[in-house]
Amino acid sequence: AIPGIVLVNLCSLASLWIIEKLVRLHASPWTALTVTCGVAFNGWFLPSSQELMTDTPFLLGVVTAFYGWERYRRSTNRQDAIGPVITLVLGLAFALVMRPTGWVLVASWTMYCTLKLIWPRAGVRRTPYLLGIGTVSLVVLLVAWLDAGRLILGGEYKVEFVHRLSELPTLVSPHRIAGIAHDVNNAFFGQTMGPPVIAVMVALGLLSTLVL
């Protein structure tokens, strides 16, 4: 079990390193460091870094794909775009084979790129979004070709997901919708906090966007 724990710890460290580089593309170095430390001390991240599960490797794949995507969007020529495209493909493929949640990433990424192609901003290139759809399609075909049965339709989580689809009308109820506030709160902050604390944190975040 020790080699596995070491590997998971390496994935967590690599995730933090890429998160810092990703945030620095959009914010100052100290802001990137603050965000990275926040992730590192998150109440879920620390235990996940010590468990033989696919959560941390999946995170590594996701942030690697996002970093490759952001680097590609900033590239000015084909030579500069080669490295980011490879990073994007490897990160997305790694996330896809780690957890079935990767298919949610594929769907959302495809929808995002499609909307950007239909309603582009003035002066924004459409090429990155075409590449985004092409990359997602390529990775999906590659994963399907490697092991279509297990990675697409097999596995405990995927079988449960297909089963849950038939129960969707019963899952959408006022009682379950009311629980979304608690679940999102727990998922976003890594712990449960009361509404006043959340309101203060949101207000501070909005204030920081005006000051910084």
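In this label model, LEU90 and ILE2 are separated by 2.9 nm, measuring between points 7 Å along each Cα→Cβ vector.
How high is the FRET efficiency between ARG121 and THR34 when r is their beta carbon distance and R₀ equals 30 Å, given to the nearest 0.05? About 0.55, to the nearest 0.05.
The stretch between ALA199 and TRP145, if pulled fully straight at 0.36 nm per residue, gains 14.7 nm over its current Cα-Cα span.
The string of couplings for the stretch 133-143 from the Karplus curve (6.51, -1.76, 1.60, θ = phi - 60°) is 5, x, 5, 4, 5, 5, 5, 4, 5, 5, 5 Hz, one whole number per residue in order, with x for Gly and Pro.
Only residues of the stretch 53-94 count here: report those whose backbone N is under 18 Å from the spot 7 Å along Cα→Cβ of ILE133, or say none. Once the point is set 7 Å along Cα→Cβ of ILE133, 73 turn out to lie under 18 Å by backbone N, inside the stretch 53-94.
Using every Cα-Cα pair within the stretch 26-123, state what percent have a distance larger than 20 Å.
52 percent
Coupling constants for the stretch 73-80 follow from the phi torsions by the Karplus curve (6.51 cos²θ - 1.76 cosθ + 1.60, θ = phi - 60°), and in residue order they are 5, 9, 6, 10, 8, 5, 4, 6 Hz; glycine and proline get x.
A short reminder: the numbers here are calculations on the coordinates, not readings from a lab. This is a predicted model, so every value here is computed, not measured. As a convention, Cβ positions derive from the backbone with ideal geometry for all residues, glycine included, and neighbour counts pool all protein chains shown.
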